[in-house]
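Each value in this text was obtained by applying a stated rule to the coordinates, not by laboratory testing. Model, not experiment: these values are computed from the prediction. Positions of Cβ are backbone-derived with ideal geometry, glycine not excepted, and every protein chain shown enters the neighbour counts.
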Amino acid sequence: MVLTNFEIEKVNTPNFIKGRKGKKILAIVNHITAGLMPGTLSWMQNPAAKVSAHYLVTKTGKIYQLVDEEDTAFGAGIVNKPDWILYDGTNPNFYTLSIEHEALAGEALTDIQYQATLWLHRKIISQWGMPADHNHIIGHYRLDSVNRKNDPGPQFPWDKLMTDLKDADMPGQTINIKIGDQEIEGFILKNKAYAHARALSEAMSIDIKWDGERQSIFIYPTNFTSMESDDKINIYIGSKPITGILINDKAYVPVREMAESLGRKVTWDDEGKIVTIA
Ligand SMILES: [Zn+2]
């Protein structure tokens, strides 16, 4: 699946708090603006409004970022009859990221707006390690079921969003990986390039063995030494373990570490987002 890369334009707002009071980011809260551009953006930049969001996705698929993810936006501070298992009794703004969608009350997202928010969700959940489920991706109505019950409203495509996020082969920003005259796709996660284990090893003409029980990939000759659990996998090349990741039951490996362990030279072209394995 080829993902379109959308761009994020940073804009300012005075409506935020620096930092997150030490809380970890747990979830995305989706909203609709119940107003249109450009007024809906300028309202969130108005100090009198005392509202904001980390992101605003417009009907034309433009993504504005008003608040850094490490800072606290004023998205959903008032909690009223919540229905959210991760609510800890304190202001959810400190442990959520908020995405506003330009739409009038009851309106559906446009197609390009949906693609943009899907891309943004993918980027965020891969960055923060959030599962694509209804506990970690919620609507404002889950925090205030009384006054915000139509936010983001009945037309918000929850099922499609969850399905598309789970189907995603590659989270985050896509990159190309060149090996000789072959080219495969990869993605960036926490500043590392990853590729699908089988696609990469085939392109590098190496044999790998997947051991599901140990969640490990073996590249022979190898000495198995230890194992990790959960969503991580080990890649053994010789006796040196490399940590990869499992996403939707597919194994992804860090490209540079794997190629360098096999004695290959790796270069990164930041501008073109291309990894070359010589
Ligand atoms: Zn809202």
Review point. Most fluctuating residue of Pro47, Pro131, Pro254 in a GNM of the chain with Cα springs under 10 Å: which is it?
Key: Pro47
Practice item. With only Lys, Arg, Asp and Glu charged, each at its Cβ (+1 for the first two, -1 for the last two), find how big the charge dipole of segment 8-167 is about the Cα centre; round to the nearest 20 debye. Key: 340
Point to revise | Magnitude of the charge dipole, segment 69-115, Cβ model with Lys/Arg +1 and Asp/Glu -1, debye to 20 | key: 260
Check your understanding: Could you name the lysines in cross-link range of Lys10, using Cα to Cα under 27 Å and dropping any fewer than eight places away on the same chain?
Key -> Lys18, Lys21, Lys23, Lys24, Lys50, Lys59, Lys62, Lys123, Lys190, Lys192, Lys273
